[in-house]
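Remarks on the structure that follows.
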Amino acid sequence: MSEGFISRGFRGRRQQSEQSGRIPPGQYLERGFPVLSAGPTPHTPLAAWDFSIVGEVDQPKRWSWDEFRALPHETITKDIHCVTKWSKLDTHWVGVSLDTLLAQVMYDASYVIAFSDGGYTTNLPLDEVTGGQAWVVDTYEGQPLESQHGGPARLLVPHLYFWKSAKWVRGLRLVDDDEPGFWESLGYNNHGDPWKEERYWGD
Amino acid sequence: MEHKLDGNAAAGNLQAIFPFEMTLAQVTCTGCGTTNVIGATAAYMHGMGTIVRCPRCDNVLIRIVHAGGRHLLDMRGVRVLQMKEG
């Protein structure tokens with residue numbers, strides 16, 4: 001059959017159904033990149049910025065901005081899903097895998113609390129941020145991560161709702177016992193799997 | 001693009017919970033000790049919830065979430081909440 005017999009509408013519906021399989025229940029496709037903030041945007045100078053791993057570790061580990069930038073960076077393409085129901089497909093990031101960061105510390109812990117400038121925290125099981133599931137990213141769509149989106153660096157944990165991808169991240173505290181973070185302590189699901197619609201307490 | 005508003009917007013959320021005029025309710029900050037009417041605080045509002053911050057020291061005064069059939073309030077940043085009758 002020649003191209004002329006296939007209508008534009010038919011092609012559009014096939015692309016839509018390919019995408020719909022990638023959008024979790026209750027979500028809609030967003031082409032922009034909404035900004036949700038709980039406070040003023042931090043502006044930590046890079047000379048003062050560091051990233052630390054502390055808590056249940058033999059020795060806390062700290063990287064300056066230059067040291068962090070010198071770590072092996074990966075290109076990451078992932079779909080992201082916000083609990084406020086928007087999803088973005090094929091977002092492009094560059095950053096350091098948490099596997100790379102955690103390989104530089106001796107630790108014995110079950111959970112991580114990510115902490116950020118401004119006091120934000122979010123909690124995650126350690127086995128959900130290792131094995132290629134999480135990064136600290138400093139580049140979005142080929143550009144340095146803008147401050148309104150969490151720059152200079154944010155956590156990226158794309159398999160969970162995006163509140164777990166803490167903006168302005170400054171470190172991880174490794175702990176034995178789980179501690180609900182900023183939103184998890186006030187009605188939002190402790191885990192946050194978009195494919196199970198784990199939005200709120202009791203979901 | 002921080003969704004920063006004045007506290008009158010947050011007072012609207014609190015009106016659903018408290019039977020008082022909440023823009024005039026006073027909050028004493030546990031961070032710096034200053035007292036402000038809620039209308040004079042800084043409110044950050046978006047789809048996840050509302051964060052009310054002290055206009056002087058940015059301390060989180062009140063966190064409000066209305067989700068999953070619940071109203072949730074965290075007021076650990078407020079030492080005293082005063083609401084006038086009438």
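Overview of results
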read-out	value
Any hit, region B:16-37, residues being within 22 Å of B:His66 (Cα to Cα) and modelled with pLDDT under 90	yes
Tally of residues being among the charged types (D, E, K, R), buried (at least 16 other Cβ atoms within 10 Å of the Cβ) and over 26 Å from A:Pro42 (Cα atoms) across region A:183-196	1
Residues that are in contact with a Ser or Thr (Cβ under 9 Å, 6 or more places away or on another chain), under 13 Å from A:Ser185 (Cα atoms) and either part of a loop (DSSP other than H, G, I, E, B) or more than 10 Å from chain A (Cβ to nearest Cβ) (or both), drawn from region B:63-80	B:Arg76
Subset of region A:145-203 (residues that are within 14 Å of chain B (Cβ to nearest Cβ) and of a type in the set (D, E, K, R))	A:Glu146, A:Lys164, A:Lys167, A:Glu184, A:Glu197, A:Glu198, A:Arg199, A:Asp203
Tally, over region B:7-51, of residues that are part of a strand (DSSP E or B) and within 14 Å of chain A (Cβ to nearest Cβ)	8
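So that you can scan it fast, the table gives a plain yes or no per residue for (1) at pLDDT below 95; (2) surrounded by 10 or more Cβ atoms within 10 Å (Cβ to Cβ):
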{"site": "A:Ser7", "(1), (2)": "yes, no"}
{"site": "A:Pro34", "(1), (2)": "yes, yes"}
{"site": "A:Thr41", "(1), (2)": "yes, yes"}
{"site": "A:Arg62", "(1), (2)": "no, yes"}
{"site": "A:Val105", "(1), (2)": "no, yes"}
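Let's see how each residue does on (1) buried (at least 23 other Cβ atoms within 10 Å of the Cβ); (2) out of contact with any helix residue (DSSP H, G or I) (no Cβ under 6 Å at 6 or more places or on another chain):
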position: A:Gly142; (1), (2): no, yes
position: A:Glu146; (1), (2): no, yes
position: A:Gly150; (1), (2): yes, yes
position: A:Val157; (1), (2): yes, no
position: A:Gly181; (1), (2): no, yes
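The values are calculated or read from the model by the stated rules, or taken from the named source; none is laboratory data. Quick caveat: nothing in here was measured; it's all calculated off a predicted structure. Note that each Cβ is placed from the backbone with ideal geometry, even for glycine, and that neighbours are counted across all protein chains shown.
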